[in-house]
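The values are calculated or read from the model by the stated rules, or taken from the named source; none is laboratory data. Bear in mind the structure is a predicted one, so any value in this text is a computation, not a measurement. A quick note on method: Cβ atoms are made from the backbone with ideal geometry, for glycine too, and the neighbour counts reach across all protein chains shown.
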There are 2 protein chains.
Amino acid sequence: MSGMDKTQPKAVVLLSGGLDSATILAIAKSKGLACYAISVAYGQRHAAELQAAVQVARHLGVKEHRVVDINLAAFGGSALTDARLTVPTTPAEGIPITYVPARNTVFLSLALAWAEVCEARAIYIGVNAVDYSGYPDCRPDFIKAFESVANLGTRAGVSGDRFVIEAPLISLSKAEIINLGQQLGVDYSLTVSCYQADDRGRVCGLCDSCRIRVSGFQAAGVVDPTRYA
Amino acid sequence: MSGMDKTQPKAVVLLSGGLDSATILAIAKSKGLACYAISVAYGQRHAAELQAAVQVARHLGVKEHRVVDINLAAFGGSALTDARLTVPTTPAEGIPITYVPARNTVFLSLALAWAEVCEARAIYIGVNAVDYSGYPDCRPDFIKAFESVANLGTRAGVSGDRFVIEAPLISLSKAEIINLGQQLGVDYSLTVSCYQADDRGRVCGLCDSCRIRVSGFQAAGVVDPTRYA
(Lines give C-alpha, C1' and ligand atoms only; values in the text may rest on other atoms or scores of the structure.)
Protein backbone atom coordinates (compact mmCIF):
# COMPACT_ATOMS: atom_id res chain seq x y z
CA MET A 1 0.00 0.00 0.00
CA SER A 2 2.73 2.50 0.89
CA GLY A 3 4.50 1.72 -2.38
CA MET A 4 1.28 2.46 -4.25
CA ASP A 5 0.88 5.72 -2.34
CA LYS A 6 4.31 6.89 -3.40
CA THR A 7 3.62 6.60 -7.09
CA GLN A 8 0.04 7.85 -7.03
CA PRO A 9 -0.05 11.51 -8.08
CA LYS A 10 -1.59 13.86 -5.56
CA ALA A 11 -3.93 16.82 -5.67
CA VAL A 12 -4.91 19.41 -3.11
CA VAL A 13 -8.63 20.11 -3.53
CA LEU A 14 -10.28 23.27 -2.22
CA LEU A 15 -13.49 21.98 -0.69
CA SER A 16 -16.05 24.54 0.47
CA GLY A 17 -18.94 22.17 1.05
CA GLY A 18 -20.86 23.54 -1.92
CA LEU A 19 -22.01 21.88 -5.11
CA ASP A 20 -19.06 22.89 -7.29
CA SER A 21 -16.26 21.88 -4.97
CA ALA A 22 -17.90 18.49 -4.27
CA THR A 23 -17.93 17.94 -8.02
CA ILE A 24 -14.25 18.80 -8.48
CA LEU A 25 -13.31 16.41 -5.69
CA ALA A 26 -15.17 13.68 -7.57
CA ILE A 27 -13.39 14.68 -10.79
CA ALA A 28 -9.95 14.58 -9.14
CA LYS A 29 -10.78 11.18 -7.64
CA SER A 30 -11.95 9.90 -11.05
CA LYS A 31 -8.53 10.80 -12.46
CA GLY A 32 -6.88 8.53 -9.92
CA LEU A 33 -5.41 11.33 -7.84
CA ALA A 34 -4.78 10.96 -4.13
CA CYS A 35 -6.82 13.85 -2.79
CA TYR A 36 -5.90 16.20 0.06
CA ALA A 37 -8.97 18.30 0.76
CA ILE A 38 -8.64 21.72 2.35
CA SER A 39 -11.47 23.84 3.69
CA VAL A 40 -11.10 27.32 5.07
CA ALA A 41 -12.90 28.65 8.13
CA TYR A 42 -12.63 32.28 7.05
CA GLY A 43 -15.31 33.81 9.21
CA GLN A 44 -18.19 32.95 6.91
CA ARG A 45 -21.73 33.61 8.15
CA HIS A 46 -22.58 30.03 8.88
CA ALA A 47 -20.92 26.77 9.86
CA ALA A 48 -23.20 24.59 7.71
CA GLU A 49 -20.85 24.90 4.74
CA LEU A 50 -17.86 23.53 6.66
CA GLN A 51 -19.97 20.73 8.14
CA ALA A 52 -20.99 19.86 4.60
CA ALA A 53 -17.34 19.82 3.52
CA VAL A 54 -16.59 17.23 6.22
CA GLN A 55 -19.49 15.07 5.00
CA VAL A 56 -18.50 15.37 1.34
CA ALA A 57 -14.86 14.51 2.07
CA ARG A 58 -15.98 11.45 4.03
CA HIS A 59 -18.44 10.34 1.35
CA LEU A 60 -16.11 10.67 -1.62
CA GLY A 61 -12.99 9.58 0.25
CA VAL A 62 -9.82 11.65 0.71
CA LYS A 63 -6.34 10.94 2.04
CA GLU A 64 -6.73 13.81 4.46
CA HIS A 65 -9.06 16.72 5.07
CA ARG A 66 -7.86 19.87 6.79
CA VAL A 67 -9.87 22.85 7.94
CA VAL A 68 -7.65 25.92 8.15
CA ASP A 69 -8.59 29.03 10.15
CA ILE A 70 -8.02 32.48 8.70
CA ASN A 71 -10.31 35.20 9.90
CA LEU A 72 -11.13 37.26 6.81
CA ALA A 73 -14.07 38.66 8.78
CA ALA A 74 -11.48 40.80 10.58
CA PHE A 75 -11.11 42.71 7.31
CA GLY A 76 -14.85 42.74 6.55
CA GLY A 77 -16.10 44.31 3.35
CA SER A 78 -18.49 41.48 2.39
CA ALA A 79 -21.98 40.35 3.26
CA LEU A 80 -20.55 36.85 3.68
CA THR A 81 -18.22 37.87 6.51
CA ASP A 82 -20.02 40.86 8.04
CA ALA A 83 -23.32 39.95 9.72
CA ARG A 84 -24.35 43.63 9.69
CA LEU A 85 -24.63 43.49 5.90
CA THR A 86 -27.67 41.80 4.36
CA VAL A 87 -27.34 39.02 1.81
CA PRO A 88 -29.29 40.23 -1.25
CA THR A 89 -32.21 38.11 -2.41
CA THR A 90 -32.64 39.81 -5.78
CA PRO A 91 -30.10 39.90 -8.62
CA ALA A 92 -27.70 42.88 -8.54
CA GLU A 93 -25.77 44.74 -11.22
CA GLY A 94 -22.02 44.18 -11.29
CA ILE A 95 -20.04 42.41 -8.57
CA PRO A 96 -22.39 41.77 -5.63
CA ILE A 97 -21.82 42.58 -1.97
CA THR A 98 -21.29 38.87 -1.29
CA TYR A 99 -17.88 39.20 -2.96
CA VAL A 100 -15.20 38.52 -0.31
CA PRO A 101 -12.06 40.59 -0.99
CA ALA A 102 -9.22 38.42 -2.30
CA ARG A 103 -10.90 35.24 -1.05
CA ASN A 104 -9.77 32.88 -3.79
CA THR A 105 -6.27 34.37 -3.74
CA VAL A 106 -6.07 33.59 -0.02
CA PHE A 107 -7.58 30.10 -0.52
CA LEU A 108 -5.21 29.26 -3.38
CA SER A 109 -2.19 30.50 -1.44
CA LEU A 110 -3.06 28.20 1.47
CA ALA A 111 -3.67 25.29 -0.90
CA LEU A 112 -0.30 26.04 -2.50
CA ALA A 113 1.50 25.99 0.86
CA TRP A 114 0.05 22.58 1.65
CA ALA A 115 0.58 21.27 -1.89
CA GLU A 116 4.25 22.11 -1.79
CA VAL A 117 4.70 20.28 1.52
CA CYS A 118 2.59 17.20 0.72
CA GLU A 119 4.09 17.05 -2.78
CA ALA A 120 0.88 17.54 -4.68
CA ARG A 121 1.41 19.37 -7.94
CA ALA A 122 -2.24 19.78 -8.93
CA ILE A 123 -4.51 22.19 -7.06
CA TYR A 124 -8.22 21.85 -7.80
CA ILE A 125 -10.56 24.79 -7.38
CA GLY A 126 -14.28 24.76 -8.22
CA VAL A 127 -14.56 28.20 -9.77
CA ASN A 128 -17.08 28.69 -12.54
CA ALA A 129 -17.39 31.68 -14.84
CA VAL A 130 -20.71 30.80 -16.50
CA ASP A 131 -23.52 30.42 -13.93
CA TYR A 132 -21.82 32.42 -11.19
CA SER A 133 -22.08 35.53 -9.07
CA GLY A 134 -19.68 37.59 -11.20
CA TYR A 135 -16.75 37.44 -8.80
CA PRO A 136 -13.47 38.48 -10.46
CA ASP A 137 -11.52 35.67 -8.79
CA CYS A 138 -13.55 33.02 -10.62
CA ARG A 139 -12.31 33.85 -14.13
CA PRO A 140 -9.74 32.05 -16.32
CA ASP A 141 -7.27 34.98 -16.41
CA PHE A 142 -7.10 35.03 -12.64
CA ILE A 143 -6.50 31.28 -12.46
CA LYS A 144 -3.69 31.51 -15.05
CA ALA A 145 -2.10 34.42 -13.18
CA PHE A 146 -2.16 32.49 -9.92
CA GLU A 147 -0.53 29.52 -11.63
CA SER A 148 2.36 31.82 -12.56
CA VAL A 149 2.64 32.95 -8.96
CA ALA A 150 2.70 29.33 -7.80
CA ASN A 151 5.51 28.44 -10.17
CA LEU A 152 7.60 31.57 -9.55
CA GLY A 153 7.17 31.78 -5.79
CA THR A 154 7.85 28.25 -4.57
CA ARG A 155 10.85 25.96 -4.32
CA ALA A 156 9.01 23.24 -6.23
CA GLY A 157 7.96 25.64 -8.98
CA VAL A 158 11.40 27.09 -9.61
CA SER A 159 12.87 23.58 -9.50
CA GLY A 160 10.84 22.82 -12.62
CA ASP A 161 8.32 20.62 -10.78
CA ARG A 162 5.42 22.68 -12.02
CA PHE A 163 2.16 23.34 -10.24
CA VAL A 164 -1.05 23.25 -12.24
CA ILE A 165 -4.18 25.02 -11.05
CA GLU A 166 -7.04 22.87 -12.27
CA ALA A 167 -10.41 24.58 -12.64
CA PRO A 168 -12.37 21.91 -14.52
CA LEU A 169 -15.76 23.61 -14.06
CA ILE A 170 -14.73 27.06 -15.21
CA SER A 171 -16.54 26.96 -18.56
CA LEU A 172 -19.40 24.58 -17.71
CA SER A 173 -22.99 25.58 -17.07
CA LYS A 174 -24.43 24.69 -13.67
CA ALA A 175 -26.57 22.02 -15.32
CA GLU A 176 -23.50 20.45 -16.94
CA ILE A 177 -21.72 20.46 -13.58
CA ILE A 178 -24.66 18.71 -11.91
CA ASN A 179 -24.92 16.09 -14.63
CA LEU A 180 -21.19 15.43 -14.45
CA GLY A 181 -21.30 15.15 -10.67
CA GLN A 182 -24.17 12.71 -10.82
CA GLN A 183 -22.25 10.48 -13.21
CA LEU A 184 -19.32 10.56 -10.77
CA GLY A 185 -21.43 9.64 -7.74
CA VAL A 186 -21.58 12.99 -5.94
CA ASP A 187 -24.32 13.03 -3.30
CA TYR A 188 -25.61 16.58 -3.64
CA SER A 189 -27.81 16.16 -0.57
CA LEU A 190 -24.59 16.56 1.44
CA THR A 191 -23.71 19.92 -0.12
CA VAL A 192 -24.78 23.39 0.99
CA SER A 193 -24.70 26.25 -1.52
CA CYS A 194 -26.69 28.91 0.32
CA TYR A 195 -25.00 32.15 1.43
CA GLN A 196 -27.10 32.16 4.62
CA ALA A 197 -27.93 28.57 5.50
CA ASP A 198 -28.98 27.89 9.06
CA ASP A 199 -26.87 25.75 11.37
CA ARG A 200 -28.74 22.63 10.32
CA GLY A 201 -27.83 23.25 6.68
CA ARG A 202 -31.29 24.42 5.61
CA VAL A 203 -31.08 26.97 2.83
CA CYS A 204 -32.96 30.19 2.03
CA GLY A 205 -33.73 29.48 -1.63
CA LEU A 206 -33.54 33.22 -2.38
CA CYS A 207 -29.89 34.32 -2.40
CA ASP A 208 -27.80 34.47 -5.56
CA SER A 209 -26.16 31.13 -4.85
CA CYS A 210 -29.50 29.39 -4.14
CA ARG A 211 -31.06 30.85 -7.28
CA ILE A 212 -28.17 29.68 -9.46
CA ARG A 213 -28.45 26.23 -7.89
CA VAL A 214 -32.21 25.99 -8.36
CA SER A 215 -31.94 27.00 -12.03
CA GLY A 216 -29.09 24.55 -12.54
CA PHE A 217 -31.01 21.58 -11.19
CA GLN A 218 -34.06 22.59 -13.24
CA ALA A 219 -31.97 22.83 -16.43
CA ALA A 220 -30.30 19.50 -15.64
CA GLY A 221 -33.69 17.86 -15.13
CA VAL A 222 -32.62 16.62 -11.72
CA VAL A 223 -34.42 17.00 -8.40
CA ASP A 224 -32.28 18.95 -5.93
CA PRO A 225 -32.07 16.97 -2.69
CA THR A 226 -31.22 20.10 -0.69
CA ARG A 227 -33.28 21.04 2.38
CA TYR A 228 -35.15 24.32 2.37
CA ALA A 229 -35.71 26.25 5.59
CA MET B 1 -8.67 65.80 9.89
CA SER B 2 -11.09 63.37 8.29
CA GLY B 3 -10.95 65.40 5.07
CA MET B 4 -7.18 65.05 5.07
CA ASP B 5 -7.45 61.33 5.70
CA LYS B 6 -9.71 60.89 2.71
CA THR B 7 -7.29 62.42 0.26
CA GLN B 8 -4.12 60.91 1.71
CA PRO B 9 -3.22 57.82 -0.32
CA LYS B 10 -2.89 54.63 1.70
CA ALA B 11 -0.54 51.68 1.76
CA VAL B 12 -0.70 48.30 3.41
CA VAL B 13 2.79 47.45 4.66
CA LEU B 14 3.86 43.89 5.47
CA LEU B 15 5.79 44.29 8.71
CA SER B 16 7.67 41.27 10.04
CA GLY B 17 9.68 43.04 12.72
CA GLY B 18 12.94 42.58 10.81
CA LEU B 19 15.32 45.11 9.35
CA ASP B 20 13.93 45.16 5.82
CA SER B 21 10.27 45.59 6.66
CA ALA B 22 11.05 48.37 9.16
CA THR B 23 12.86 50.15 6.33
CA ILE B 24 9.96 49.83 3.87
CA LEU B 25 7.57 51.21 6.46
CA ALA B 26 9.85 54.25 6.78
CA ILE B 27 9.97 54.55 2.98
CA ALA B 28 6.19 54.39 2.66
CA LYS B 29 5.85 57.01 5.41
CA SER B 30 8.41 59.25 3.68
CA LYS B 31 6.22 59.19 0.56
CA GLY B 32 3.33 60.62 2.56
CA LEU B 33 1.30 57.41 2.58
CA ALA B 34 -1.10 56.57 5.39
CA CYS B 35 0.29 53.22 6.49
CA TYR B 36 -1.70 50.16 7.53
CA ALA B 37 0.81 47.67 8.90
CA ILE B 38 0.07 43.95 8.86
CA SER B 39 2.07 41.26 10.61
CA VAL B 40 1.38 37.57 10.38
CA ALA B 41 1.57 35.12 13.27
CA TYR B 42 2.19 32.11 11.05
CA GLY B 43 3.61 29.70 13.58
CA GLN B 44 7.16 31.03 13.43
CA ARG B 45 9.69 29.66 15.94
CA HIS B 46 9.74 32.71 18.15
CA ALA B 47 7.51 35.59 19.22
CA ALA B 48 10.35 38.14 19.34
CA GLU B 49 9.79 39.07 15.70
CA LEU B 50 6.13 39.97 16.25
CA GLN B 51 6.97 41.90 19.41
CA ALA B 52 9.52 43.82 17.34
CA ALA B 53 6.86 44.54 14.71
CA VAL B 54 4.66 46.13 17.36
CA GLN B 55 7.58 48.30 18.54
CA VAL B 56 8.53 49.36 15.01
CA ALA B 57 4.93 50.23 14.10
CA ARG B 58 4.66 52.34 17.24
CA HIS B 59 8.01 54.06 16.68
CA LEU B 60 7.48 54.97 13.03
CA GLY B 61 3.74 55.64 13.37
CA VAL B 62 0.97 53.84 11.49
CA LYS B 63 -2.75 54.38 11.10
CA GLU B 64 -3.35 50.84 12.29
CA HIS B 65 -1.35 47.68 12.94
CA ARG B 66 -2.95 44.26 12.68
CA VAL B 67 -1.50 40.90 13.59
CA VAL B 68 -3.24 38.15 11.63
CA ASP B 69 -3.12 34.48 12.64
CA ILE B 70 -2.59 31.78 10.04
CA ASN B 71 -0.94 28.62 11.22
CA LEU B 72 1.47 27.65 8.43
CA ALA B 73 3.18 25.42 11.00
CA ALA B 74 0.25 23.05 10.47
CA PHE B 75 1.70 22.38 7.02
CA GLY B 76 5.33 22.28 8.22
CA GLY B 77 8.12 21.76 5.72
CA SER B 78 10.40 24.53 7.06
CA ALA B 79 12.91 24.97 9.86
CA LEU B 80 11.13 28.23 10.68
CA THR B 81 7.83 26.53 11.46
CA ASP B 82 8.91 23.05 12.57
CA ALA B 83 10.85 23.04 15.84
CA ARG B 84 12.08 19.51 15.07
CA LEU B 85 14.19 20.90 12.21
CA THR B 86 17.43 22.71 13.03
CA VAL B 87 18.13 26.21 11.76
CA PRO B 88 21.43 25.92 9.84
CA THR B 89 24.34 28.04 11.05
CA THR B 90 26.51 27.54 7.97
CA PRO B 91 25.69 28.65 4.42
CA ALA B 92 23.86 26.05 2.29
CA GLU B 93 23.65 25.40 -1.44
CA GLY B 94 20.37 26.30 -3.12
CA ILE B 95 17.18 27.21 -1.31
CA PRO B 96 17.74 26.60 2.43
CA ILE B 97 15.52 24.65 4.81
CA THR B 98 14.38 27.95 6.35
CA TYR B 99 12.29 28.52 3.22
CA VAL B 100 8.60 28.51 4.28
CA PRO B 101 6.39 27.07 1.50
CA ALA B 102 4.38 29.81 -0.21
CA ARG B 103 4.93 32.23 2.68
CA ASN B 104 5.08 35.46 0.71
CA THR B 105 2.14 34.36 -1.46
CA VAL B 106 0.08 33.86 1.70
CA PHE B 107 1.31 37.16 3.20
CA LEU B 108 0.59 39.14 0.03
CA SER B 109 -2.86 37.59 -0.31
CA LEU B 110 -3.75 38.69 3.24
CA ALA B 111 -2.31 42.16 2.61
CA LEU B 112 -4.38 42.29 -0.58
CA ALA B 113 -7.59 41.38 1.26
CA TRP B 114 -7.03 44.17 3.74
CA ALA B 115 -5.88 46.65 1.08
CA GLU B 116 -9.05 46.15 -0.91
CA VAL B 117 -11.22 46.80 2.14
CA CYS B 118 -9.29 49.77 3.57
CA GLU B 119 -8.89 51.23 0.07
CA ALA B 120 -5.12 51.11 -0.06
CA ARG B 121 -3.82 50.53 -3.56
CA ALA B 122 -0.13 50.17 -2.70
CA ILE B 123 1.13 47.07 -0.90
CA TYR B 124 4.68 47.30 0.45
CA ILE B 125 6.79 44.19 0.94
CA GLY B 126 10.41 44.15 2.10
CA VAL B 127 11.72 41.43 -0.17
CA ASN B 128 15.30 41.68 -1.32
CA ALA B 129 16.97 39.62 -4.04
CA VAL B 130 20.59 40.71 -3.44
CA ASP B 131 21.73 39.94 0.13
CA TYR B 132 19.09 37.31 0.82
CA SER B 133 18.58 33.64 1.61
CA GLY B 134 17.72 32.65 -1.97
CA TYR B 135 13.99 32.27 -1.44
CA PRO B 136 12.05 32.14 -4.73
CA ASP B 137 9.29 34.39 -3.38
CA CYS B 138 11.71 37.30 -2.97
CA ARG B 139 12.43 37.82 -6.68
CA PRO B 140 11.10 40.47 -9.09
CA ASP B 141 9.29 37.98 -11.37
CA PHE B 142 7.29 36.67 -8.43
CA ILE B 143 6.33 40.18 -7.32
CA LYS B 144 5.19 41.09 -10.84
CA ALA B 145 3.15 37.88 -11.10
CA PHE B 146 1.44 38.58 -7.81
CA GLU B 147 0.60 42.10 -8.98
CA SER B 148 -1.24 40.52 -11.92
CA VAL B 149 -3.15 38.26 -9.54
CA ALA B 150 -4.10 41.28 -7.43
CA ASN B 151 -5.46 43.17 -10.41
CA LEU B 152 -7.28 40.22 -11.98
CA GLY B 153 -8.73 38.72 -8.81
CA THR B 154 -10.25 41.68 -6.98
CA ARG B 155 -13.17 44.01 -7.49
CA ALA B 156 -10.89 47.03 -7.20
CA GLY B 157 -8.41 45.63 -9.70
CA VAL B 158 -10.97 44.79 -12.38
CA SER B 159 -12.61 48.18 -11.82
CA GLY B 160 -9.38 49.76 -13.08
CA ASP B 161 -8.30 50.97 -9.65
CA ARG B 162 -4.98 49.19 -9.91
CA PHE B 163 -2.98 47.67 -7.09
CA VAL B 164 0.78 48.13 -7.11
CA ILE B 165 3.06 45.78 -5.21
CA GLU B 166 5.94 47.95 -4.06
CA ALA B 167 9.19 46.17 -3.29
CA PRO B 168 11.56 49.12 -2.95
CA LEU B 169 14.44 47.08 -1.49
CA ILE B 170 14.43 44.34 -4.08
CA SER B 171 17.62 45.38 -5.86
CA LEU B 172 19.48 47.07 -2.98
CA SER B 173 22.37 45.59 -1.05
CA LYS B 174 21.87 45.14 2.70
CA ALA B 175 24.30 48.01 3.32
CA GLU B 176 22.28 50.30 1.04
CA ILE B 177 19.09 49.31 2.87
CA ILE B 178 20.67 50.13 6.24
CA ASN B 179 21.98 53.49 5.07
CA LEU B 180 18.60 54.38 3.61
CA GLY B 181 16.82 53.35 6.80
CA GLN B 182 19.16 55.43 8.92
CA GLN B 183 18.44 58.51 6.81
CA LEU B 184 14.72 57.86 7.30
CA GLY B 185 14.99 57.50 11.07
CA VAL B 186 14.56 53.76 11.49
CA ASP B 187 15.64 52.58 14.93
CA TYR B 188 17.24 49.25 14.08
CA SER B 189 17.61 48.40 17.77
CA LEU B 190 13.88 47.64 17.69
CA THR B 191 14.20 45.10 14.86
CA VAL B 192 14.90 41.38 15.11
CA SER B 193 16.31 39.56 12.08
CA CYS B 194 17.38 36.26 13.65
CA TYR B 195 15.68 33.00 12.62
CA GLN B 196 15.93 31.72 16.20
CA ALA B 197 15.89 34.71 18.55
CA ASP B 198 15.01 34.04 22.16
CA ASP B 199 11.85 35.44 23.71
CA ARG B 200 13.70 38.56 24.84
CA GLY B 201 14.75 39.31 21.25
CA ARG B 202 18.38 38.25 21.68
CA VAL B 203 19.78 36.81 18.48
CA CYS B 204 22.10 33.91 17.65
CA GLY B 205 24.51 35.73 15.33
CA LEU B 206 25.04 32.51 13.37
CA CYS B 207 21.99 31.81 11.19
CA ASP B 208 21.73 32.94 7.59
CA SER B 209 19.65 35.97 8.47
CA CYS B 210 22.04 37.06 11.25
CA ARG B 211 25.07 36.62 9.00
CA ILE B 212 23.51 38.71 6.23
CA ARG B 213 22.67 41.39 8.79
CA VAL B 214 26.14 41.43 10.34
CA SER B 215 27.80 41.76 6.91
CA GLY B 216 25.35 44.48 5.94
CA PHE B 217 26.09 46.63 8.97
CA GLN B 218 29.83 46.12 8.46
CA ALA B 219 29.60 47.15 4.80
CA ALA B 220 27.46 50.14 5.75
CA GLY B 221 30.00 51.22 8.36
CA VAL B 222 27.28 51.31 11.01
CA VAL B 223 27.27 49.67 14.44
CA ASP B 224 24.37 47.19 14.72
CA PRO B 225 22.43 47.98 17.90
CA THR B 226 20.98 44.43 18.04
CA ARG B 227 21.36 42.34 21.20
CA TYR B 228 23.30 39.10 20.97
CA ALA B 229 22.41 36.16 23.20
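Can you pull out every residue in segment A:129-162 that is of a type in the set (S, T, N, Q) and either at pLDDT 95 or above or within 30 Å of residue B:78 (Cα to Cα) (or both)?
Keep residues of segment A:129-162 that are of a type in the set (S, T, N, Q), which gives A:133, A:148, A:151, A:154, A:159.
Correct list: A:148, A:151, A:154, A:159.
Given the residues A:61, A:43, which is the only one that is at pLDDT below 95 and small (Gly, Ala, Ser)? It would help to see each step written out before you state the result.
Numbers: A:61 fails: at pLDDT below 95.
After applying the criteria, what remains is A:43.
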Any chance residue B:80 is under 24 Å from residue B:200 (Cα atoms), modelled with pLDDT under 95 and not acidic (Asp, Glu): yes
Test for residue A:195: is it away from chain B (no Cβ under 14 Å) and either assigned to a loop (DSSP other than H, G, I, E, B) or under 23 Å from residue B:147 (Cα atoms) (or both): yes
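Report yes if some residue within segment A:77-95 is over 20 Å from the mean Cα position of the chain (by Cα) and under 20 Å from residue B:111 (Cα atoms); otherwise report no.
First pass over segment A:77-95, keeping only residues over 20 Å from the mean Cα position of the chain (by Cα): A:77, A:82-86, A:88-94.
Filter once more, keeping what is under 20 Å from residue B:111 (Cα atoms): A:77, A:82.
Yes, segment A:77-95 contains at least one residue that is over 20 Å from the mean Cα position of the chain (by Cα) and under 20 Å from residue B:111 (Cα atoms).
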Residue B:160 being within 13 Å of chain A (Cβ to nearest Cβ), surrounded by fewer than 18 Cβ atoms within 10 Å (Cβ to Cβ) and over 18 Å from the mean Cα position of the chain (by Cα): yes
Count of segment B:82-110 residues which are among the small types (Gly, Ala, Ser), at the interface with another protein chain (Cβ under 9 Å from one of its Cβ atoms) and out of contact with any helix residue (DSSP H, G or I) (no Cβ under 8 Å at 6 or more places or on another chain): 1
Qualifying residue in segment B:36-55 (condition: of a type in the set (Val, Ile, Thr), under 13 Å from the mean Cα position of the chain (by Cα) and part of a strand (DSSP E or B)): yes
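When you scan segment B:75-87, do you find a residue that is touching a residue at least 60 places away in the same chain (Cβ under 8 Å), outside any loop (DSSP other than H, G, I, E, B) and among the small types (Gly, Ala, Ser), even just one? Give the derivation first.
Taking segment B:75-87 first, the residues touching a residue at least 60 places away in the same chain (Cβ under 8 Å) are B:79-80, B:87.
In the following step, the residues that additionally are outside any loop (DSSP other than H, G, I, E, B) were identified as none.
No, because not a single residue in segment B:75-87 is touching a residue at least 60 places away in the same chain (Cβ under 8 Å), outside any loop (DSSP other than H, G, I, E, B) and among the small types (Gly, Ala, Ser).
For segment B:43-81, which positions are within 12 Å of chain A (Cβ to nearest Cβ) and farther than 24 Å from residue B:27 by Cβ? Lay out the reasoning, then the answer.
Residues of segment B:43-81 within 12 Å of chain A (Cβ to nearest Cβ): B:43, B:64, B:66-78, B:81.
B:43, B:69, B:70, B:71, B:72, B:73, B:74, B:75, B:76, B:77, B:78, B:81 - these are the residues of segment B:43-81 that are within 12 Å of chain A (Cβ to nearest Cβ) and farther than 24 Å from residue B:27 by Cβ.
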Criterion: surrounded by fewer than 24 Cβ atoms within 10 Å (Cβ to Cβ), without any contact (Cβ under 8 Å) to a residue 60 or more places away in the chain and over 21 Å from residue B:106 (Cβ atoms) - qualifying residue of B:43, B:61: B:61
Within segment A:84-106, considering residues that are more than 17 Å from residue B:156 (Cα to Cα) and exposed (fewer than 12 other Cβ atoms within 10 Å of the Cβ), the one modelled with the highest pLDDT: A:86
Segment A:154-188, residues that are assigned to a loop (DSSP other than H, G, I, E, B) and without any contact (Cβ under 8 Å) to a residue 12 or more places away in the chain: A:159, A:160
Residues within segment B:49-58 that are surrounded by 21 or more Cβ atoms within 10 Å (Cβ to Cβ) and not acidic (Asp, Glu), tallied: 4
Criterion violated by residue A:6 - all others in (1) among the basic types (Lys, Arg); (2) modelled with pLDDT of 95 or more; (3) out of contact with any Leu (no Cβ under 8 Å at 6 or more places or on another chain); (4) more than 21 Å from residue A:105 (Cα to Cα) satisfied: (2)
Residue within segment B:123-144 that is within 14 Å of another protein chain (Cβ to nearest Cβ), under 19 Å from residue B:60 (Cα atoms), in contact (Cβ under 8 Å) with a residue 12 or more places away in the chain and crowded, with 18+ Cβ neighbours inside 10 Å present: yes
In segment A:180-217, the residues that are within 21 Å of residue A:60 (Cβ to Cβ) and surrounded by fewer than 18 Cβ atoms within 10 Å (Cβ to Cβ): A:182, A:183, A:184, A:185, A:187, A:189
Residue in segment B:163-183 that is more than 16 Å from the chain's Cα centre (by Cα), within 20 Å of residue B:54 (Cα to Cα) and modelled with pLDDT of 95 or more present: yes
